[in-house]
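Right, one structure below, let's go through it.
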Protein chains: 2
Amino acid sequence: MATMHDVARLAQVSVSTVSYVLTGTRPISQATRNKVLAAMAQLDYQPNAMARGLASRRSRILGLLMPMDERGLGATETAFVTGAAAAASVAGYHLVLSPVGGGNLDDLRRLASQRMLDGVVLMEVQLDDERVTVLQEAGVPLVLIGRTGDTSALSYVDIDFDQTVHEAVAHLVALGHRRIVYVNHSAATLASGYGPALRTRDAFTAAMTGHGLEPLMIAAEDSAAGGRAALAAAFAKAPDLTAVLAMNETAIFGILGELTGRGLAVPDDVSVVSMVTSPQVAELATPALTAMTSPGSALGRIAIEALTRHLDGPADLRHQQLLPCTLEVRGSTAAPRRLTLATAGPPSKDGG
Amino acid sequence: MATMHDVARLAQVSVSTVSYVLTGTRPISQATRNKVLAAMAQLDYQPNAMARGLASRRSRILGLLMPMDERGLGATETAFVTGAAAAASVAGYHLVLSPVGGGNLDDLRRLASQRMLDGVVLMEVQLDDERVTVLQEAGVPLVLIGRTGDTSALSYVDIDFDQTVHEAVAHLVALGHRRIVYVNHSAATLASGYGPALRTRDAFTAAMTGHGLEPLMIAAEDSAAGGRAALAAAFAKAPDLTAVLAMNETAIFGILGELTGRGLAVPDDVSVVSMVTSPQVAELATPALTAMTSPGSALGRIAIEALTRHLDGPADLRHQQLLPCTLEVRGSTAAPRRLTLATAGPPSKDGG
């Protein structure tokens, strides 16, 4: 493999001149620079990433900041990652994933100040997200998968939660359901300001109210036990419920178990719709779950494409895009069997 | 923030000398080097990661090479990642995850030649794994989570599959089961030489033969549909089966669905044991699954600790360690209800 000395000899300059061209630490005349670059090309000289980073101010490395917890990264979120990795490869970048984030802003500051990453895609965004501030202050180009509350100065791609919730509720209402419970993420997740939990809560309230129905939401821990507890709480509040709409992909398996334990059949007694779900996860259940299917790898791909445009484009470039989930009807939804006066009558005084 | 020019001014040397100290491209006297380093310290000068990488030959970045596919990264594998990330942080390194790998050796060669990573932990190892060769040829320090067939020159931490399979089989045999089916990964995964699939296959054969029982293995696609098909195939071969041992965490949900579809109860009619599983996944099922619990984050932590010792230690340092899974009995195993002459009699002529 050619060395810096080989390049210097062929270009008839000193090694330090080659170094200056690579590092940009001292101005070099265009003629000398061109001689050096021509020698590098002729020798197929490969400066390592560090040296090239200094020369081009580019590392050709993009980061996907993806806080991980004990929940794991389900097939649904993994699709974002595989979509992003493929798009980065097409654009000639490496994609690295960093589990940094969550509460650890110091780690994030250090990562940002190292200038290892040309740009960053941020996942699991909260409405008021300090990581955005840290990265903006460090001047790191940034695209979100998700949205903060104020998106005016940001680029993002996110799921259209309003549209997604409205379509899911409309599907259940069209089947004849009136008592629909929405199982969201945990109270702690809601309190932390996690965008998808808050946006779907508001969209559910709007959709149900629009149909003249009472919006009943239960917060569930992200676990099967959390799902069981949430369903018990739902039946305590609404014994006549006939449908569950669940944002919480882990809890939903506990919901299904609790229904079985109570001798209730899906979908004959209770219909279940899973929100923002991959087909792989929907197929794990028996019967397979009717779901609002996540746009999956498209989210990751669009985020990376927007980020690489930022690196080459004007500083005030913005990319803001919402993608809806699509309804896929499987075996877990049907007309309710338990049509009582209370549930089958006119929706409510206000809605009639 | 202090610049390279500030450092040069304070140390009373030229900027190029500061650059040489950082890049190591030219020998600098110890006295001058010390003056420059003292100035950097006084000014709290932060060379960026690229420059520091050139200076120290260290990027302080470790990579976790983790091929991702549409299956996603379950809670079980995610525990490896979170354990590794925590250990890297303690040791003063950043951990980045790269989805590079699988079939794409060119991407891996490029990543290795960039010298961005001080060392690498490799996941999803096959018995004959070309990625190991690529990384060894590039001189990248390497620790495997998993093992190749020939481990003599390698450092690894892996699950003790022999011990794990023997304990799972012993649990079922002690309950009275004689017709036990092992549901492994897919035929394609076995053919590709994926270590865990091949090692557990051999361990299952040894364990069942040791009990005088017939080792019956079915390969299943990594999907719920794959699990359903595998269970149908198992019943076709062994209509009197009373227990399923499953390595395939995705297929197991299809197995549970197919059992329900056939009107068979878990555990009364058929017992189910999940191999190398996190408590989170085991709890998703109803009843919760008896499982051989994965050592989880310890695998990731030990791999990173071994890797950082390699970076500072002698070139011939090796770390080779196996961790067993531990049996956690939950609701999916019990004595078989369907004790027939064929299943309850003496195990076999050879075994008596």
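Listed by chain and number, the aspartates and glutamates whose alpha-carbon sits under 18 Å from that of B:Lys35, ignoring those within fewer than 8 places in the same chain, are B:Asp6, B:Asp44. For region A:224-240, the Karplus equation 6.51 cos²θ - 1.76 cosθ + 1.60, evaluated at θ = phi - 60°, returns couplings of 4, 4, x, x, 4, 5, 5, 5, 4, 5, 5, 5, 5, 7, 9, x, 9 Hz by residue, with Gly and Pro reported as x. Using C-alpha pairs below 8 Å separated by at least 6 residues, the relative contact order for region B:59-207 is 22 percent. Just tell me which aspartates and glutamates come within less than 13 Å, Cα to Cα, of A:Lys237; anything on the same chain fewer than 8 places away is out. Cross-link targets: A:Glu214.
With contributions of -39500 (n - 2.57) from each DSSP H run of at least four residues, the per-residue ellipticity at 222 nm computed over chain A stands at -13500 deg cm²/dmol. Each distinct pair of alpha carbons in region A:152-229 adds a 1/r term; the inverse of their mean, the Kirkwood radius, is 13.6 Å. For A:Ala2, the residues whose modelled amide H falls within less than 5 Å of its own, excluding neighbours fewer than 5 places apart on the same chain, are A:Gln46.
With contacts taken as Cα pairs under 8 Å at a separation of at least 6 residues, region B:242-299 carries a relative contact order of 34 percent.
Beta bridges assigned by DSSP with both partners in chain B are antiparallel in approximately 10 percent of cases. Determine the shape class of the protein assembly as shown: with a ≥ b ≥ c the square roots of the Cα gyration tensor eigenvalues, call it rounded for a/c under 1.5, and otherwise prolate if a/b is greater than b/c, oblate otherwise. Note, shape of the protein assembly as shown comes out oblate. Which distance in Å, rounded to a whole number, links the C-alpha centroids of region A:219-244 and region A:116-142? The distance from the Cα centre of region A:219-244 to that of region A:116-142 comes to 36 Å. In this simple spin-label model, placing a label point 7 Å from the Cα along the Cα-to-Cβ direction at both A:Ala31 and A:Ala298 gives a separation of 5.6 nm. The 3J(HN,Hα) values that the Karplus relation (6.51, -1.76, 1.60; θ = phi - 60°) gives for region A:76-88 are, in residue order, 5, 6, 4, 4, 4, 5, 5, x, 5, 5, 5, 5, 5 Hz. Gly and Pro appear as x. Amide hydrogen proximity for A:Leu142: with H placed 1.01 Å from N in the peptide plane, the residues at 5 or more positions away or on another chain lying under 5 Å are A:Val120. For A:His166, what is the net charge nearby, where nearby means another residue's Cβ is under 15 Å from its Cβ and Lys, Arg count +1, Asp, Glu -1? Value of the local net charge: -2. Residues whose amide H lies under 5 Å from that of B:Val270, counting only those 5 or more places away or on a different chain, are B:Ala265; hydrogens are built 1.01 Å from N in the peptide plane. Summarising the label geometry, the points placed 7 Å from Cα in the beta-carbon direction at B:Ala236 and A:Asp240 lie 5.0 nm from one another.
Along region B:311-323 the Karplus relation, 6.51 cos²θ - 1.76 cosθ + 1.60 evaluated at θ = phi - 60°, assigns HN-Hα couplings of 5, 9, x, x, 5, 9, 4, 10, 10, 10, 8, 10, 10 Hz to successive residues, with x for each Gly and Pro. Measuring r between the beta carbons of B:Asp316 and B:Gln42 and using R0 = 51 Å, the FRET efficiency lands at 0.80. Placing R0 at 41 angstrom, the Cβ-Cβ distance between B:Thr151 and B:Ala225 gives a FRET efficiency of 0.70 after rounding to 0.05. Pairwise Cα separations in chain A fall into 10 Å bins from 0 onward with the following percentages, short to long: 5, 22, 25, 18, 13, 7, 5, 3, 1, 0.
Throughout, read-outs are computed from the coordinates displayed, never taken from laboratory work. All figures in this text were calculated on a predicted structure; none of them were measured in a lab. Quick reminder, even Gly has a Cβ in these numbers, built from the backbone with ideal geometry, and neighbours come from all protein chains shown.
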